[in-house]
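**Q** Got a structure for you, questions after.
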Amino acid sequence: MSSSTYVQLVDLSKHFGKVRALDGLNLEIAQGELVALLGPSGCGKTTALRALAGLQELDRGQLIVDGKDVTFQNANKRGMGMVFQAYSLFPHMTARENVEYGLKLRAHKTASDKRKARSAELLELVGLSTHANHFPHQLSGGQQQRVALARALAISPKVLLLDEPLSALDAKVRTQLREEIRRIQMELGTTTLFVTHDQEEALSIADRVGVMRNGQLEQIAAPAELYDRPKTAFVAEFVGLTNPIAGKVSSSSIEVLGSVLKTLPGSVTSGNGIALVRPESIDVVASKSGNATVTSASFLGASCRLTISMTDGTRITAQLPSLDAAGIGAGASVQVSLLDMPVFVKAAG
């Protein structure tokens, strides 16, 4: 364990009947860091978070927070703040009373004036100071989730645990609130574990993102490194979009679509391989004598996604800035080439 490690999950294992939810999971989180866990349904990310919260017993493993073993400590003794997908606000309490609730439950109850001051401080922090006396039914979904976040932060938790807290919100509110969560987390310096199934959410909010599969971490890294330098085929295919393109591998390179690209560590090193090429790594230029034809074009705002059929029958997806894609629509003849960017290559077949 490094000197900066604040939370440590050691060899966590949990079975539900024949289902192996956690299979020797190891994870370290530094103090003040926000780590997001990402993965398909059933990969174990929520089980890991619930185990840290004290809401899930383990078959094996150890949980260490701030140098103390909390594996067998009751949930209410761990000093965790938790925000769920469901807002779980008390409907008969105002926003202020909901935020104060955790302070009232402490062994040494916080004095009333201090509770009011703390709740006012937190509601101001989440932008709801003017809604302190509103009941949950008088608040929008985004506002309710802000109250839930303020309530979790009111007790100054050792660790903030976020279990898909934004998935019930519409896209615009989700984007706004994730930015607010990040701002608040950085301002307070709260160590945070964020579980989500939304890749964009994880990549935009976290210091590091861990991709889970079958109860284990496939890779954990800074968002840009995870996207640009995946260590396994699963991570490359799960995070973002890829084009599987067949080619011939030689040592640390692969020849695909007439280009020779360097391969990332962990790739196959010889024989036939499948290069996992990002759509934005494909250059497309309109050309009457081109090597491909556009079969469909989707306008995405700042970017445009093209589905392309090569002359050899290979189908690929390219993503270009909308300005560069102007005039390139379905039926257009284009010249396709690959940008000189390293790719992960998995074994063919």
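The values are calculated or read from the model by the stated rules, or taken from the named source; none is laboratory data. Just so we're clear, the structure is a prediction, and the values are computed from it rather than from any experiment. Methodologically, a virtual Cβ is constructed for each residue, glycine included, from the backbone with ideal geometry; neighbour enumeration extends over all protein chains shown. Please note that ligands, DNA and RNA were not included when accessible areas were found on the heavy atoms of the full protein model with its side chains. Shrake-Rupley method; radii C 1.70, N 1.55, O 1.52, S 1.80 Å.
**Q** If we only count strands (runs of 3 or more DSSP E) wholly inside region 148-213, which ones have 2 or more residues that are touching a residue at least 40 places away in the same chain (Cβ under 8 Å), over 24 Å from GLU124 (Cα atoms) and not small (Gly, Ala, Ser)?
**A** Once the strands (runs of 3 or more DSSP E) in region 148-213 are filtered for at least 2 residues that are touching a residue at least 40 places away in the same chain (Cβ under 8 Å), over 24 Å from GLU124 (Cα atoms) and not small (Gly, Ala, Ser), what remains is 191-196, 208-213.
**Q** Here's something else I'd like to know. Going by what's in this entry, would PHE16 be described as within 23 Å of ALA154 (Cα to Cα) and open to solvent by 30 Å² or more (accessible area, probe 1.4 Å)?
**A** Spelling it out, it is not the case that PHE16 is within 23 Å of ALA154 (Cα to Cα) and open to solvent by 30 Å² or more (accessible area, probe 1.4 Å).
**Q** Could we say that GLU218 is open to solvent by 20 Å² or more (accessible area, probe 1.4 Å), assigned to a strand (DSSP E or B) and touching a helix residue (DSSP H, G or I) at 6+ places or on another chain (Cβ under 9 Å) here?
**A** When the stated conditions are applied, GLU218 passes them.
**Q** If you don't mind, another one. Being touching an Asp or Glu at 6+ places or on another chain (Cβ under 8 Å) and outside any loop (DSSP other than H, G, I, E, B) is the filter; apply it to region 223-237 and report the residue that is nearest to ILE205 (Cα to Cα).
**A** Restricting to residues being touching an Asp or Glu at 6+ places or on another chain (Cβ under 8 Å) and outside any loop (DSSP other than H, G, I, E, B), the top hit is VAL235.
**Q** Same structure, new question: Report, by residue number, each residue of region 115-137 that is farther than 15 Å from SER88 by Cβ, in a helix (DSSP H, G or I) and touching a helix residue (DSSP H, G or I) at 6+ places or on another chain (Cβ under 8 Å).
**A** First pass over region 115-137, keeping only residues farther than 15 Å from SER88 by Cβ: 115-134.
Still in the running and in a helix (DSSP H, G or I): 115-125, 129-131.
Within region 115-137, ARG115, LYS116, ARG118, SER119, ALA120, LEU122, LEU123, LEU125, SER129, HIS131 meet the criteria.
**Q** If I ask for residues that are hydrophobic (A, V, I, L, M, F, W, C), in contact with a Leu (Cβ under 7 Å, 6 or more places away or on another chain) and more than 18 Å from GLU201 (Cβ to Cβ), which ones from region 30-75 would you list?
**A** Scanning region 30-75 gives ALA51, LEU52, ALA53, LEU58, LEU63, VAL70, ALA75.
**Q** Kindly indicate whether any position in region 57-79 is assigned to a loop (DSSP other than H, G, I, E, B), surrounded by 22 or more Cβ atoms within 10 Å (Cβ to Cβ) and touching a residue at least 60 places away in the same chain (Cβ under 8 Å).
**A** The answer is no, given that none of the residues of region 57-79 is assigned to a loop (DSSP other than H, G, I, E, B), surrounded by 22 or more Cβ atoms within 10 Å (Cβ to Cβ) and touching a residue at least 60 places away in the same chain (Cβ under 8 Å).
**Q** Now, a different point. Which residue out of SER337, SER333 is open to solvent by 30 Å² or more (accessible area, probe 1.4 Å) and touching a Lys or Arg at 6+ places or on another chain (Cβ under 9 Å)?
**A** Going through SER337, SER333 in turn, the sole match is SER333.
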